[in-house]
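The structure under discussion appears below in the form of structure tokens.
We did not get these values from a lab; they are worked out from the coordinates using the rules stated. Quantities reported herein were computed from a predicted structural model and do not represent experimental measurements. Please note: Cβ atoms are built from the backbone with ideal geometry, for glycine as well, and neighbour counts cover all protein chains shown.
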Amino acid sequence: MSISFNADEVFEMGMDVETNGQAYYRKAAELSKNDEIKKVFLRLMEEEKKHYETFKELREALPPKSAQPTIVDPEGQEYLYLDALVKSRIFNNVHEAEELASKVGDEIEALRAALTFEKDTILFFQTMKSMTREDLGRNEIDRLIAEERKHVVWISEEIRKAMK
């Protein structure tokens, strides 16, 4: 199976990931009874909005040639890897994100789900980076990966504090 990806598709996927994260954090904040943890979710929601805007700006700045394939995957390996990443993610759309936030038992469980989402996002972005040419935004994806890593540390710290 031969699959071709282009930068526009990659950045669109990134926007989708960030939209789903916003939905989860918004719903988790609405449902949180702990004011400190509510602030964490609201801050994460704002971060996801910024990341969405970054992908949107990258997408809008793409030259017309970006609709042409930038990655050719004749064996289908990149496609299979990306498909496995997408299917194993904690949620794949806004509805699933909001539903998960509604079903978690408490704030610590909500934070753990957020931690899983952020780790999944890092893996997804690393794959996106490998599919993006340097002149079409690879450095910006590196910056977003670094920010997602900070989220992992921050959420881990919040879980530790909440369990005291």
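So here's what we get for this one:
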read-out: Two-site label geometry, Arg143 and Lys164: point separation in nm, points 7 Å out along Cα→Cβ; value: 3.4 nm
read-out: Inter-site label distance for Lys150 and Asp135 at 7 Å from Cα along Cβ, in nm; value: 3.1 nm
